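Read through the structure below, which is laid out as C-alpha cells, and then see the notes.
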Amino acid sequence: MAANDRSDIILETQGLTREFSGFVAVDGVDLRVKTGQIHALIGPNGAGKTTCFNLLTSFLEPTRGTIRFKGRDITGMKPAMVARLGLVRSFQISAVFPHLTALENVRLALQRARGASFDFWRSESTLKVYDDRARALLNDVGLSGQEETIVVNLSYGLKRALEIATTLALEPEMMLLDEPTAGMAHGDVDRIVELIRRIRKGRTILMVEHNLSVVEGLCDTITVLTRGRVLAEGDYAEVSKNPEVIAAYLGSEHA
C-alpha cells in the first residue's frame, strides 16, 4: 500500500495470530480499517471473529503479530489504556448494571470517561453534574423517557441501545460492536441499525455481525474470516459473489 494511501487507516493488524494449546484461532490476519467507515467482520461460527475483537482490545494477547491504532503500536497494551486512546468495544452480552436506572448507567460511564472514580456513595447532588450529558446520550440512542427505568425492566433491544450509550460516553474515535443485533426481533434490529447509522458521524465502527441483511445495508467494507484466516474482503457486492465465500459462509446460510 502506498504511503499516501495509509493516512486514512485508523486500525491495522499485521500477521495477527492467536494460538490456544496448539489450536490456531486467529491465523495471520492482516486487517486495515479506514477512518470513518463501518467495517464488518463476518464468517461462520468458529471463524475467529470474537477472538479478533479480544485481541484488538487487549483482552487477549496475540501469540504473534502487531496491532496499530492511529499509527501507534498498541500490541499488548492494557485494555483500559486502549480504551483511553479511543478504541472502545461493546460486548455480545449486554454489559450494563441491571439494577440501576438507565440514567445511572450512563452517568457512571461519564464519570469514568472524565477520570473520576465510581463514587456510588456520593450525594445525588454531586453526581447531577453528569445528568444533562447522560440525558442527551440517552436521547441519542432513542431512550428519551426511559431515564428512570431500572435496566432489568428494559427490553433486550433497549438494553443494547443503552450499552451503546455507555460506550458513547467514553467518547471513542472507534467503536467495536460485537453482534449488536444478535437475538433481536425484527423491529429491534431496525432500531439498532438506524442507531448505528446515526452515531457513525465522526467515528469509525468495526462490527461482528451474523445478520447478512444488516451487513449489506450498513457496512462499507466486509472482511470474511474462516478458520481464523481472511478469506475475502470488499463491499457486499464483491464478497457475496465470491465463490469461496459462498461455499464457506453464504452457502451454508442459504442452503
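Nothing in this text is a laboratory measurement; each read-out follows from the coordinates by a stated rule. Keep in mind the model is a prediction, meaning the values are calculated, not measured. Glycine gets a Cβ as well: all are built from the backbone with ideal geometry, and neighbour counts include every protein chain shown.
For residue 26, the amide hydrogen comes within under 5 Å of the amide hydrogens of 18, counting only partners 5 or more places away or on other chains and with H modelled in the peptide plane.
Could you tell me the calculated FRET efficiency between residue 133 and residue 72, based on Cβ-Cβ distance and R0 = 35 angstrom, to the nearest 0.05?
On the way: r = 28 Å, r/R0 = 0.80.
So, using R0 = 35 Å, E works out to roughly 0.80.
For residue 232, the amide hydrogen comes within under 5 Å of the amide hydrogens of 224, counting only partners 5 or more places away or on other chains and with H modelled in the peptide plane.
From least to most packed, judged by other beta carbons within 10 angstrom and beginning with the fewest, 97, 20 follow the order 20, 97. Ellipsoid fit via the Cα gyration tensor, the chain: semi-axes of 32, 21, 16 Å, each the root of five times an eigenvalue, largest first.
Please work out the FRET efficiency for the pair residue 84 and residue 30, using the Cβ-Cβ distance as r and a Förster radius of 41 Å; give the result to the nearest 0.05. Show your work: numbers first, answer last.
Values: r = 26 Å, r/R0 = 0.63.
Efficiency, rounded to the nearest 0.05: 0.95.
Across the stretch 11-25, the residues whose backbone nitrogen lies under 11 Å from the label position 7 Å along the beta-carbon direction of residue 63 are 17-25.
Expressed as a rounded percentage, what relative contact order does the chain have, with Cα pairs under 8 Å and six or more residues apart? List each step's numbers first, then the result.
On the way: 454 pairs, mean separation 67.0, N = 255.
Value for the chain: 26 percent.
Find the lysine pairs in the chain meeting two conditions, Cα atoms under 19 Å apart and a separation of 8 or more places or different chains, and report how many there are.
Values: 34/49; 34/70; 34/201; 70/78; 70/201.
Summing the qualifying lysine pairs gives 5.
Tell me what the chain gives for mean residue ellipticity at 222 nm when only DSSP H runs of n ≥ 4 count, each as -39,500 (n - 2.57), the sum divided by the residue total, rounded to 500 deg cm²/dmol. Don't jump to the answer; show the numbers that get you there.
On the way: 11 runs with 87 residues, N = 255.
Counting only the DSSP helices, I get -9000 deg cm²/dmol.
Given R0 = 22 Å, the distance between the Cβ atoms of residue 21 and residue 97 translates into a calculated FRET efficiency of 0.05.
Whole Å is fine, so just give me how far the alpha carbon centre of the stretch 57-111 lies from that of the stretch 177-217. Here the two parts' Cα centres lie 19 Å apart.
List the trypsin sites (Lys or Arg not before Pro) in the stretch 14-80 that DSSP assigns to loop (not H, G, I, E or B) and whose Cβ has at most 15 other Cβ atoms within 10 Å. Which are they? List each step's numbers first, then the result.
Working: sites: 18, 32, 34, 49, 64, 68, 70, 72; in loops: 70.
Loop-located and lightly packed - 70.
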